[in-house]
Each structure stands twice: as structure tokens, then as C-alpha cells.
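The values are calculated or read from the model by the stated rules, or taken from the named source; none is laboratory data. Here the structure is a predicted model, which means the values were calculated and not measured. Ligands, DNA and RNA are stripped out before the accessible areas are found, and what is left, the full protein with its side chains, is counted by its heavy atoms. Shrake-Rupley method; radii C 1.70, N 1.55, O 1.52, S 1.80 Å.
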Amino acid sequence: MPIYAYKCESCGHAKDMLQKLSDPLLNDCPACGQATFKKQLTAAGFQLKGGGWYQTDFKGGANANANASPAQEGAACPACPAAASTTTTTEAAS
């Protein structure tokens, strides 16, 4: 269930509420009783961690190429089809 942030426009009281998506929005402020309790727009409450594309591909700075694979730097890896075809061609020529 998502957590929604609410804030009263009258008294400024703020509260986070755990609600189902199907639950109706809250209107009455629990502090002052006015019908000015509004849902706030907040940032997502999760963080992606690890060595995925989101961390390595779009960061700038000195470490931008530190996580690059050999294939990205121009060297072929043994699993690449181009490396396999070069080995096959060389072996066939001998």
C-alpha cells in the first residue's frame, strides 16, 4: 500500500497516511477539522542500487569510463561473434 503525504491548507498540519489505491482521499484535517486536507505530490520513496545501467551509463565526471566493458573500449571479448569469427578465420588459414 502506498504512503500519501497530506497537508492542511488552513492550519498547516501535515501527516503521512498509509492508504489503499481504492481508498477515498481524506478531506477533513485531523488537527483543526476543516475540509482543507489535501494530498501532496512527493518524490518516490525508493532508490536503485547496484551496478546497473542507471548508475554507469549516464553519470559524468572522471569515473565515467571506469566501468566500461572491454567491448565498449574497442577490444573484442572472447564471447563476441566478431572475436569468434576472427579466431575461426585464423585457424582456417593455418
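Tabulated data
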quantity: Answer residue from region 1-32, given it is of a type in the set (Asp, Glu) and within 30 Å of the chain's Cα centre (by Cα) and is least open to solvent (accessible area, probe 1.4 Å) among those; calculated: Asp23
quantity: Residues that are more than 30 Å from Lys7 (Cα to Cα), open to solvent by 90 Å² or more (accessible area, probe 1.4 Å) and either modelled with pLDDT of 70 or more or not in a helix (DSSP H, G or I) (or both), drawn from region 33-56; calculated: Lys49
